[in-house]
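Chemist: This structure is in structure tokens; I'll ask about it shortly.
The values are calculated or read from the model by the stated rules, or taken from the named source; none is laboratory data. Bear in mind the structure is a predicted one, so any value in this text is a computation, not a measurement. Note: ideal-geometry Cβ built from the backbone for every residue, glycine included; neighbour counts use all protein chains shown.
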Amino acid sequence: MPRTANVFAFTTNSFATPVQGEVIDPTDAASTWADIVVGLNSSPVNASYVGSTIQPWVALTCVNGANTDLALAAGTNFYITGPTDVFTISGLAAVGGNADGRVIRLYNSVAYAMTIANDATSTAANRFLTLTGADVTTTTQGLITLVYSSTASRWINCGSQA
């Protein structure tokens, strides 16, 4: 017999009415839910993400050329908008501060190459370590995954796809 829990479903960016004990299959292709949060004794107003959640994509606006200390909103998945030519990102400054262990993905959704600068230009605690000793460039539709390390005070490149 499966365990039941309080299940809170989010559609768009607002909370829906909590449903208790309902079994939800997040792999269902017909699902239109942006997030599913499962937790015991949670409230929809102060819910925390537990287990596997689906995170929506959030726009991250860049400009042509250099982008230093870009303000990074809450979220995990970011798609780049704005550039009409090649561009470089040298750092991300998370609103509220960079949190140890935060994982983010940057998806280059524009038609120009995106370069992630290795340990340069931005404020030190907002910079990237590419682990190659050099900048990393993705083509259009490239993706890079980063995790923040408070020990290194840098965003660490975990992988990229050009």
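Chemist: Among residues belonging to segment 122-139 that are surrounded by fewer than 13 Cβ atoms within 10 Å (Cβ to Cβ) and not aliphatic (A, V, I, L, M), point out the one that is modelled with the highest pLDDT.
Modeler: Only one residue tops the list, namely Thr123.
Chemist: Within segment 93-106, identify whether any single residue is among the basic types (Lys, Arg) and closer than 15 Å to Thr68 by Cα, and answer yes or no. Steps first, answer last, please.
Modeler: Initially, segment 93-106 is screened for residues among the basic types (Lys, Arg), giving 102, 105.
Filter once more, keeping what is closer than 15 Å to Thr68 by Cα: none.
Looking for residues that are among the basic types (Lys, Arg) and closer than 15 Å to Thr68 by Cα, one finds none in segment 93-106, hence no.
Chemist: With respect to Ala74, is the statement that it is at pLDDT below 95, outside the structural domain of Thr139 (by TED's automatic domain parsing) and among the hydrophobic types (A, V, I, L, M, F, W, C) true?
Modeler: no
Chemist: Can I ask one more? Give segment 103-157 a look and list any residue that's farther than 20 Å from Gly75 by Cβ, hydroxyl-bearing (Ser, Thr, Tyr) and in a strand (DSSP E or B), or say none.
Modeler: The answer is Thr115, Thr137.
Chemist: Can you pull out every residue in segment 61-102 that is closer than 22 Å to Leu129 by Cβ, assigned to a loop (DSSP other than H, G, I, E, B) and polar (S, T, N, Q)?
Modeler: Result: Thr68, Thr76, Ser90, Asn98.
Chemist: May I ask you to list the residues in segment 140-155 that are closer than 18 Å to Asp69 by Cβ and either surrounded by 16 or more Cβ atoms within 10 Å (Cβ to Cβ) or more than 17 Å from the chain's Cα centre (by Cα) (or both)?
Modeler: Ile144, Leu146, Tyr148, Ser150, Ala152, Ser153, Arg154, Trp155, listed by residue number.
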